[in-house]
């Protein structure tokens, strides 16, 4: 075995890059043991040991840089919730990634994403002008001083054809509930949550600054978001940069509307619905009840809980930038999720996050289960019954 | 006193159904007891009143209660031991509850027990307590954390204390330190050492006399009457009991050459770091510069078969504290701690966490295998296997601190210099610590009236040492109080008996002086034992050891047990009813036999149990008495011995075992099978084994056939 | 010390409280103990053996009970609790409630009531792993050696039946709770500890899988007078266990549960590993730890257990316990840090080494004592209320008793004039 020489100046730099709790870690390994990568096989499962990664960080050592090691972390937050020392493991991962991002050594698959975000303000290589393409024919109002809520639609649901259905359903449901909302339009940029997790701090700062200036300029006070990722960064990361708004996930708004009787779903019985708690809605933002309330209010619905639910929910595999990276079929968390939903006897697997939809639906198709199980966003379920 | 014996028989709890009471009464009558009462519930108010009235009227001064175990209902039958001799014959747990009812063998058993109970009383006299040791002043040896606290707390309770400190000032090791561990929530910050106020308190208290620069030349005497001679003309002082709080010495770092000590000037000990910190200059000895990288090596000489096998308990916390010294001196200093296991128990986990948050780096490794060599630019190169990384690492550091462990101060110096036949030191348990062997009795030592506190007892923190000093002071006070009343201390606390020796018949064989676990006997030049009754713990091991049978107690003697054995009826050979004597420890085996009854387990009816203070009090003559009477077998139940002995008198059961080995050799020579004697180690919760042991022993005896001495 | 001295009240009749009481009384003080259970002895009465000697706790309890029986200066109340305290050091008035036992001092423990009693109640001494007759002796070595009637049957025919079966008029169904004041000079607070609620650590499966037990339950499984007669059997199917996993720091050293180290669990698990090893020759024990904390000479015990090749010590914090429904076996998973591999071990029983919470985390006397964030009493009784044992910090038995002895002197300083 080669003797390693710790480089403590490097660890200092990692700490400075956001890994503030790096040294709090006592190396118990609960994070590694709790990591969803332990549930699958493959390269990332073998290579990514978040405890060891942090150990290398503590000593300023190299060797964790690959796509299937440091960049495997989906920031699902299971380990953070359990960590006995209160270590902010996600920030430590982010800090270590940003050390690499600074010198441009991020995985190749992420480079086009970064490029697109720089040039177009979205990660999907869509042109800025087409950000509002999904609104065609919907006559969606533009946000103005008289509008209560600014509706921020996730880039994914702006550009991805499948995901646009989420944006449209959210709009339909909000309208039905009589909520005053509007979009700003093509000037909007990606919230930057995932790219920050990937480690490109400078890019995040740029995106955030642009959004904050835009929204503040328009007089935004309250925001409804379609993705829990946007929710997370608007709520938790933007305030210290000057973006201080009331931010809601659409499930919160719709659950309220449902409770107060503003919308009343009706129609055919919907059957057995399983809920996949998105990491960023649940563990990151502590929203568990509203999605369930929405399901239960649907005609003839039967909520069936997955074996891993609420705080113990299993990640879809799309967070932390993984949505832009390839995970081999047979090694994906989403496959376990589909299997769990089938085990639970569900005919619909519902969730409330564009990344989760992408990951789960893809796996459902690859597994050839799309005839037995439909992957749907909660907004779609609700909109269908209005 | 003239004995007026009353025998009170209870037929409750199923005893009456099991045993024929008329026949039982005639046993007592035959012995000449005139007051015999039977009652269906002796412990009830009506039954108890009969006994109490008899005692109150003075018509009875020896009470033999033939009922349940003496372990129960003691509150009902509590008579003044100075006025009344009380004996409990256990017909319930030991007969009715473990034998078939109405059977002649059950009856014979009950009759034997009643006979033995009456004889036990007949062979007893009222106690005449030894009340000649009246001194209540305490001696505290050592003026460190534990000793000062012991002195203070004893003085605050109203006792006079003589505090002896070898150094010129009080304070001990603690006085040499810069700061101490966190004491207050949230347990994050190291704290100033509050020592001057303690010293002030001691000096202000009138009843503490401090002897600085003083050591002990010798201590003679016994609890309540120790004479302490100080060196250098410090005079002679009489004290009643002693707290030994002599503290610890650091492990000799010169034995740690493998970690670079003495090879490299910048390899220092944790003791040195305290000294440096106290003067405010944590610098490299080689060049006087402030180090930028400091490493600590935990377990330097601890938890190491080559050095100290034990864990010194505080070094992890001390290194955390010292890491903060370096951080306080210069925030930028890098600190690395190489450890085997981080041992920060209890709330100290919070301190560990706090030090982690200061950016200290921890490396788990077998620290005995760390290699230290010369690095670049006067630095030290440290190489270790990082078990967390799974790979070896190498670092250059400016200073390497060895976290050396603790050794008891009494390791090479007895300190107390006791004038005891068994030696000048307090016997050590392991690694030189005169600690208690007992989980339940942390202040037990093998020298009555001498209690240890602080790190001389076991490695511990300052806080624990103080509390330990308080506890030891309590025990020392308790000892002088009990001793002045002529009472024994733990484990037979309150026992008013003590051994008397018929010295004219002594042959100076020295067995008693050697075997007493507590060093009760000194010797004169001829080897005649000189008893010191207040050192005695009343185990009667000396009584068992004496071949001349000259040692006895007012209520426990060779004659007494011998007569009880002889009173057992031994059937003729043709009756095919063997007899087994069970000599059992009253502390563990006796309650275990009670448990057999409580669980309604049965065992062969041939056994007669006799409780002993300790199996070590067995005198070989009893075995001879029993065998010559025709008893077929003798079973001994004693506590577990060996390293984890459970004997409350240290070596009692082991001594009994040694004696039995000897007697077995004799038996073999007499062509009497040595298998007729069996010793079993019985814990109190081993009750379920007892019937099985007795069954097996009975079949063994059947195999051997009857004792050929039967009927002689 | 004389009759004018004030009494010392000891709250808690566990091993710390008993020790404080007998040590004070043998020094000459008058002492009264108030104990919540119907028997003295507390948690140690539920232990099978002590580390490191592997000796039975009943041995020391027996000696201490004898010291109490022989000493007229000690009195005690069982099934009793302190309601309030007023006054000041040297003159406290303590309101005490004694709950009814429904059995009086006439009881001889003959067992006739239990013979006729048909109702059973969960056996508290065995942490509810089995049941006991509603007329019961708390345990075989119980002191006081008297039966108890479970309040569950009071007012039923069953209770009357028990009462009628008693030959000694020992059952008093009209017994009521009694409240009275004790005037004392000093108070020793020794209310001990409670095991951490293991079900709060969801991923370890306690409460979901029957074969996941806590360390305190495992003591009972190993005890000759426990629910299995001392055989270590899987709770799910009564099959003899051959493999046992010990999960250390189950709740301790964890900010989400108990942030402090419970101090004794490492040694307790090493001890419990010997239980299974001693009983079943081809058994295996696995101990999963963060750090093994065997302080002082306890290191010897660690070394001794470590030498058994069938005891594996693995540096791992267990992250998942799952059940194989068919075999009832449990899989423990985590990272094996030293080996650089994964732990995936199938075992019969998983023992969670649960931490200690101070009795004062739940019930705090309303005056004079200060507490840290965890509920431990801080300080050493600078006033007249003196903490002793595990209410101050997690401690093993020997340390608790050392501490209790010290507490006795602190109390004497306040209560006894000399």
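The values are calculated or read from the model by the stated rules, or taken from the named source; none is laboratory data. Quick caveat, the model's predicted, so the values are computed rather than measured. Quick reminder, even Gly has a Cβ in these numbers, built from the backbone with ideal geometry, and neighbours come from all protein chains shown.
Here are the numbers:
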{"item": "Strands (runs of 3 or more DSSP E) contained entirely in the stretch B:1-97, each with at least 1 residues that are within 33 Å of the chain's Cα centre (by Cα)", "result": "B:62-67, B:85-90"}
{"item": "Within the stretch A:243-342, strands (runs of 3 or more DSSP E) holding 3 or more residues that are closer than 21 Å to residue A:367 by Cβ", "result": "A:271-275"}
{"item": "Condition met for residue C:33 (within 30 Å of residue B:484 (Cα to Cα) and either within 8 Å of chain B (Cβ to nearest Cβ) or not in a strand (DSSP E or B) (or both))", "result": "no"}
{"item": "Considering residues of the stretch B:439-483 that are within 21 Å of residue C:52 (Cα to Cα) and free of Cβ contacts under 8 Å to residues at least 24 places away in the same chain only, the residue nearest to the other protein chains (Cβ to nearest Cβ)", "result": "B:440"}
{"item": "Those helices (runs of 4 or more DSSP H) lying entirely in the stretch A:1-70 with at least 1 residues closer than 17 Å to residue A:81 by Cα, outside the structural domain of residue A:312 (by TED's automatic domain parsing) and touching a helix residue (DSSP H, G or I) at 6+ places or on another chain (Cβ under 6 Å)", "result": "A:30-34, A:50-59"}
{"item": "Search result, residues across the stretch B:634-650 that are within 9 Å of chain C (Cβ to nearest Cβ), free of Cβ contacts under 8 Å to residues at least 60 places away in the same chain and over 12 Å from residue B:682 (Cα atoms)", "result": "B:643, B:644"}
{"item": "Residue B:466, sole failed condition from (1) in contact with a helix residue (DSSP H, G or I) (Cβ under 7 Å, 6 or more places away or on another chain); (2) surrounded by 23 or more Cβ atoms within 10 Å (Cβ to Cβ); (3) under 30 Å from residue B:524 (Cβ atoms)", "result": "(3)"}
{"item": "Qualifying residues in the stretch B:284-326 (those that are farther than 13 Å from residue B:269 by Cα and more than 45 Å from the chain's Cα centre (by Cα)) - the one surrounded by the most Cβ atoms within 10 Å (Cβ to Cβ)", "result": "B:291"}
{"item": "Candidate set: the stretch B:157-180, residues that are crowded, with 20+ Cβ neighbours inside 10 Å and within 14 Å of chain C (Cβ to nearest Cβ); chosen: the one nearest to residue C:5 (Cα to Cα)", "result": "B:157"}
{"item": "Residues satisfying the stated conditions in the stretch C:382-393, i.e. assigned to a loop (DSSP other than H, G, I, E, B) and either surrounded by fewer than 24 Cβ atoms within 10 Å (Cβ to Cβ) or in contact with a helix residue (DSSP H, G or I) (Cβ under 7 Å, 6 or more places away or on another chain) (or both)", "result": "C:382, C:383, C:384, C:388, C:392"}
{"item": "Index of the failed condition, residue C:303 passing every other in (1) away from every other protein chain (no Cβ under 13 Å); (2) over 29 Å from residue A:83 (Cα atoms)", "result": "(1)"}
{"item": "Positions within the stretch A:73-85 being under 17 Å from residue C:203 (Cβ atoms) and either at pLDDT below 95 or not in a helix (DSSP H, G or I) (or both), in sequence order", "result": "A:76, A:77, A:83, A:84, A:85"}
{"item": "Qualifying residue in the stretch B:236-248 (condition: out of contact with any helix residue (DSSP H, G or I) (no Cβ under 8 Å at 6 or more places or on another chain), at pLDDT 95 or above and assigned to a loop (DSSP other than H, G, I, E, B))", "result": "no"}
{"item": "Among (1) part of a loop (DSSP other than H, G, I, E, B); (2) away from chain A (no Cβ under 14 Å); (3) crowded, with 24+ Cβ neighbours inside 10 Å - the single one residue C:227 does not satisfy", "result": "(3)"}
{"item": "Strands (runs of 3 or more DSSP E) fully within the stretch C:50-169 counting 3 or more residues that are within 14 Å of another protein chain (Cβ to nearest Cβ)", "result": "C:74-77"}
{"item": "The lone exception for residue B:132 - which of (1) in contact (Cβ under 8 Å) with a residue 40 or more places away in the chain; (2) within 14 Å of chain C (Cβ to nearest Cβ) it fails", "result": "(2)"}
{"item": "Checklist (1) farther than 24 Å from residue B:292 by Cα; (2) away from chain C (no Cβ under 12 Å); (3) in contact with a strand residue (DSSP E or B) (Cβ under 7 Å, 6 or more places away or on another chain) applied to residue B:411, failing item", "result": "(3)"}
{"item": "Residue match in the stretch C:394-403 (condition: buried (at least 24 other Cβ atoms within 10 Å of the Cβ), farther than 25 Å from residue C:214 by Cβ and not assigned by TED's automatic domain parsing to the domain that holds residue C:270)", "result": "yes"}
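Each row is one residue, and each column tells you yes or no for (1) closer than 16 Å to residue C:290 by Cβ; (2) more than 10 Å from every other protein chain (Cβ to nearest Cβ); (3) modelled with pLDDT under 95.
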| position | (1), (2), (3) |
| --- | --- |
| C:314 | yes, yes, no |
| C:321 | no, yes, no |
| C:325 | no, yes, yes |
| C:330 | no, yes, no |
| C:342 | no, no, no |
| C:346 | no, yes, no |
| C:350 | no, yes, no |
| C:355 | yes, yes, no |
